[in-house]
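**Student:** This is the structure I have questions about; it appears just below.
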Amino acid sequence: GSRHDSYCLRTSGILDEYDVTAWMGDKGYIGTAMLTPIRKPKHRDLLDWEKDFNYHHNKKRAIVEHVIANLTTWRILHTDYRRPIDTFATTISAVLGLQFYRQA
């Protein structure tokens, strides 16, 4: 949509209800208490340890982003769920298991 995810996250109240300090986000989530990359200050370049931190942070986030991209291409996530609703948790667990198995 036209709003950034961080706006929706703030207005949902999730940031007030959960400890999000271990959650990872991109630079759009700076200021939400999540773990985010270090933004380059205007007055200097990033230090080596800051670059290293950003590299490792983004490397971990890239894995999650790729999994999400792969999951959204699966037809099961593009259509309505047509099985009994009480089987949804089992089905989505199987889909996630297959996805992670494929990545290994």
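**Student:** Residue 66 is checked against (1) part of a helix (DSSP H, G or I); (2) open to solvent by less than 100 Å² (accessible area, probe 1.4 Å); (3) not acidic (Asp, Glu) and fails just one. What number does that condition carry?
**Tutor:** Result: residue 66 fails condition (2) only.
**Student:** State yes or no: is residue 26 out of contact with any Asp or Glu (no Cβ under 6 Å at 6 or more places or on another chain), modelled with pLDDT of 85 or more and charged (D, E, K, R)?
**Tutor:** Yes; evaluated as a whole, the condition is true for this residue.
**Student:** Of the residues 81, 55, which single one is at pLDDT below 85 and either loosely packed, with under 11 Cβ neighbours inside 10 Å or of a type outside the set (S, T, N, Q) (or both)?
**Tutor:** 81
**Student:** For the structure I just gave you, tell me whether residue 45 is touching a Lys or Arg at 6+ places or on another chain (Cβ under 9 Å) and open to solvent by 80 Å² or more (accessible area, probe 1.4 Å).
**Tutor:** In short, yes.
**Student:** Okay, next question. Can you tell me which residue is nearest to residue 6 (Cα to Cα) among those in segment 18-68 that are under 11 Å from the mean Cα position of the chain (by Cα) and among the small types (Gly, Ala, Ser)?
**Tutor:** Per the criteria, the residue is 25.
**Student:** Considering only segment 7-42, state which residues are surrounded by 13 or more Cβ atoms within 10 Å (Cβ to Cβ), touching a Leu at 6+ places or on another chain (Cβ under 8 Å) and of a type in the set (Ser, Thr, Tyr).
**Tutor:** If the condition is that a residue be surrounded by 13 or more Cβ atoms within 10 Å (Cβ to Cβ), touching a Leu at 6+ places or on another chain (Cβ under 8 Å) and of a type in the set (Ser, Thr, Tyr), then 29, 32 are the ones that fit.
The values are calculated or read from the model by the stated rules, or taken from the named source; none is laboratory data. Keep in mind the model is a prediction, meaning the values are calculated, not measured. Neighbour counts run over all protein chains shown; Cβ positions are idealised from the backbone, glycine included. Protein only, heavy atoms only, side chains kept; ligands, DNA and RNA dropped before computing areas. Shrake-Rupley method; radii C 1.70, N 1.55, O 1.52, S 1.80 Å.
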